[in-house]
Amino acid sequence: MKTLNFLVIGKNQEIIDTLKRIIENNEGWKAEIESDENKSYDHIKKHPVDIVLLSSGLEEQFEKDIKVFCEQLDKDVKVIDHYGGGSGLLKNEVYSLFPHLKA
């Protein structure tokens, strides 16, 4: 099974900690969290990231900019706008991007 590496970006620490826990409850899914938008760019450049998960509290311009940034990388980084809905919704969002992983 391929490991999926997530970078969860958001401003509400409790929410991004919860998202990290939910993500890592799935076999082969690993998550790092970041609340500083500027540090997010460096993290994506320097670490393996398959999915950037945008959580609550981010500025609209940052969300647009990080999507463009990810599209322009040589590596295939997917971006998910995730603002809640539980672990079932998150899994569906991930499996829509990686349908071959669906059990």
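The values are calculated or read from the model by the stated rules, or taken from the named source; none is laboratory data. Here the structure is a predicted model, which means the values were calculated and not measured. When the accessible area is computed, the model is the full protein with side chains, heavy atoms only, and any ligands, DNA or RNA have been set aside. Shrake-Rupley method; radii C 1.70, N 1.55, O 1.52, S 1.80 Å.
A few points about this structure:
- Computed in the context of the full set of protein chains, the accessible area of the chain at 1.4 Å probe radius has 46% of its extent on carbon or sulfur.
- Only helical runs count toward this figure. For the chain, summing -39,500 (n - 2.57) over DSSP H runs of n ≥ 4 and dividing by all residues gives -13500 deg cm²/dmol at 222 nm.
- Relative contact order for the chain, counting Cα pairs under 8 Å that sit 6 or more residues apart, in percent: 28
- Cα shape, the chain, gyration tensor, a/c 1.5 rule: oblate
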